[in-house]
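This report concerns only the one structure given below.
The values are calculated or read from the model by the stated rules, or taken from the named source; none is laboratory data. Not measured: the values here are computed from a predicted model. Positions of Cβ are generated from backbone atoms using ideal geometry, with glycine treated the same way; all protein chains shown enter the neighbour counts.
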Amino acid sequence: MRALMYFYIIRVWGDAPLTTTVWDGELSSMELPRTSVAEIKSQILSDIENAIKYFSSDGSDKFYLTKAAAYALKTDVHMWFQEYQEAIDASDYFIGNNSFEWVADETAYKKIFTDPAGSKESIFSMWWSYSLTGKAHGWPKTMGASNTNNSWRMSQKVYNELLTRLRRGDAVGNDWGYDARLWCNVDTVKLYYSSSRNPISNASWTDPNWGTNKCVKFSGIDPNRQYDSANKVYKSQDYVYSSTDAEFSFPIYRYADVMLLRAEALNKMERKEEAIDIVLAVRKRVGYNGGIPFTTTKEDLENEILLERQLEFFAEGKRWFDLMRTDKLKEVMEPVYQERQVMMGETPTAFDMNRAYGPIYYKEFEANAALRGHQNPPYSE
C-alpha cells in the first residue's frame, strides 16, 4: 500500500517527503523536505518486492492487496520509468495464470465495475460507500450523480470513436461487430429516447433530462426503468446513483490495464505481433473485431494502444498518466487547452510542461515548514 501511495504521489507532484517510520510524536520530526523521485522509486520497488515475498497467494478478495496487485503495480512502475523489459518480466506473472482472464462479453465486462469479486478481470478494486463516509459525496458527485451536476464529459473525439465502432463492417464487406463500451459508459438509451430522437452527439448532454452526462460505468441496470410501448424503447437503461445512496467498486488495477501496458512494452521491444494480439483481445471481448495491419509502424501501434487505453479506461483516471509516461502530454493536450482558451475569449498559448505536475496544496506548507520555497513551478505558495 505504501508503494502504491508513493507511486501516485510522484506521478502527481514529483519529488515528495519520504517517510518509512512511525512518527515519534516530536513536532520537529514532522518537518520533512522533498526527496528525489529516484530515491522514492527505489523505496517503491523495495516495498513491492517485500510484498511479493510475503504474499502467499493471490487470494479471492478483490478489495485487498494481493500478490497479483503487487505484480500489476510493479508493471506500472516500470512502464512509468520506461523500463520495458522489466515491465514485460513483471507482467509475465499473469500469463497462464488461471486466476485471471479476459471476460467473455459485454455483460461480463460490466461486472468488472459492478461486481469485481465475481470477475476474473479484476485484480484490485476500491470499494466506496456513502453510508460509511457520511456526507462526503465522493465519486457520485465527481461522476455526475442523479441529483447533482456532472463535473466531467466524454470528449467528442472519444464519443465519435466509440460511435464509429457501432457501424458494423466496412466498404468491402468486413464485419467488425460493435464496441459495447459506448453504452457501458453512458446511458445511450436515454440519449435516444423520445419521439424527436435526440441527435447522436455529446452536445445533447446539455439537456439534464437526458441524463447521458452521468457516468453509468459503475452502475447496474435500473430496476425501475420504464418502457415506452409507443416508441418501443426503454426510457433509461442504467441506474444513476444519487450522492446519498452510492456504492462504487472502483478499479485500481485490472487485467486489461496490465495487458495493455504489456502490449506497449512488447511493441517497444520489437515484439509487435504479440502486442497486436493483446489489443485485438481487448476489443473482441466487448464485441469489436476491428483489426490492426501487421505492417503498421511502431509509433502508429503505440498510438493505437494508447487509444485503446483511452476508450477502455474512460472515467478511471489513467489518461493523464498515460500521456505523461509516453511523453505525449504536450502533443495531445496543447490543442485541447488552446481550444478552451479560445472558448473563453483568450489568446491561445503553448502548453506549459511545468503544469504536468500538480501544485502542492497550500496547507501542506503550513503543516511542513521544510516544504516552504519548494512549490512546483509555475505555481505559487
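Taking VAL258, is it of a type in the set (Val, Ile, Thr) and either part of a strand (DSSP E or B) or in contact with a Ser or Thr (Cβ under 6 Å, 6 or more places away or on another chain) (or both)? Against the criterion (of a type in the set (Val, Ile, Thr) and either part of a strand (DSSP E or B) or in contact with a Ser or Thr (Cβ under 6 Å, 6 or more places away or on another chain) (or both)), VAL258 qualifies. Scanning the stretch 254-263 turns up at least one residue that is basic (Lys, Arg) and buried (at least 16 other Cβ atoms within 10 Å of the Cβ). Sort out which residues of the stretch 55-69 are surrounded by 12 or more Cβ atoms within 10 Å (Cβ to Cβ) and either outside the structural domain of PHE100 (by TED's automatic domain parsing) or at pLDDT below 85 (or both), and write them in order of number. Residues satisfying the conditions are ASP58, GLY59.
The condition of being of a type in the set (Phe, Trp, Tyr), in a loop (DSSP other than H, G, I, E, B) and either crowded, with 19+ Cβ neighbours inside 10 Å or free of Cβ contacts under 8 Å to residues at least 12 places away in the same chain (or both) holds for only one of PHE294, PHE248, PHE218, that being PHE218.
Matching residues to (1) crowded, with 18+ Cβ neighbours inside 10 Å; (2) of a type in the set (Val, Ile, Thr); (3) modelled with pLDDT of 80 or more:
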{"position": "ASN147", "(1), (2), (3)": "no, no, no"}
{"position": "GLU161", "(1), (2), (3)": "no, no, yes"}
{"position": "ASP170", "(1), (2), (3)": "no, no, no"}
{"position": "VAL186", "(1), (2), (3)": "yes, yes, yes"}
{"position": "LYS190", "(1), (2), (3)": "yes, no, no"}
{"position": "SER194", "(1), (2), (3)": "no, no, no"}
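Screening the candidates MET343, MET333 for the property of being free of Cβ contacts under 8 Å to residues at least 40 places away in the same chain and surrounded by fewer than 16 Cβ atoms within 10 Å (Cβ to Cβ) yields one hit, MET343. Residue pairs whose Cβ atoms lie under 8 Å apart, sitting 6 or more positions apart in sequence or on different chains, and linking a residue in the stretch 4-31 that is basic (Lys, Arg) to a partner that is assigned to a helix (DSSP H, G or I), are ARG11/TRP80; ARG11/PHE321; ARG11/MET324.
For first residues located in the stretch 137-162 and under 20 Å from GLY220 (Cα atoms), partners that are of a type in the set (Lys, Arg) and assigned to a loop (DSSP other than H, G, I, E, B) and lie 6+ apart or on another chain with Cβ distances below 9 Å form the pairs MET143/LYS214; MET143/LYS217; GLY144/ARG153; GLY144/LYS214; ALA145/LYS214; SER146/LYS214; ASN150/LYS214. Here PHE321, PHE365 are screened, and the one residue that is within 27 Å of TRP80 (Cα to Cα), assigned to a helix (DSSP H, G or I) and in contact with a helix residue (DSSP H, G or I) (Cβ under 8 Å, 6 or more places away or on another chain) is PHE321.
Of the helices (runs of 4 or more DSSP H) that lie entirely inside the stretch 40-132, those containing 1 or more residues that are of a type in the set (Lys, Arg) span 67-80, 106-114.
Taken over the stretch 84-127, residues that are within 25 Å of ALA38 (Cα to Cα) and surrounded by 17 or more Cβ atoms within 10 Å (Cβ to Cβ) amount to 6.
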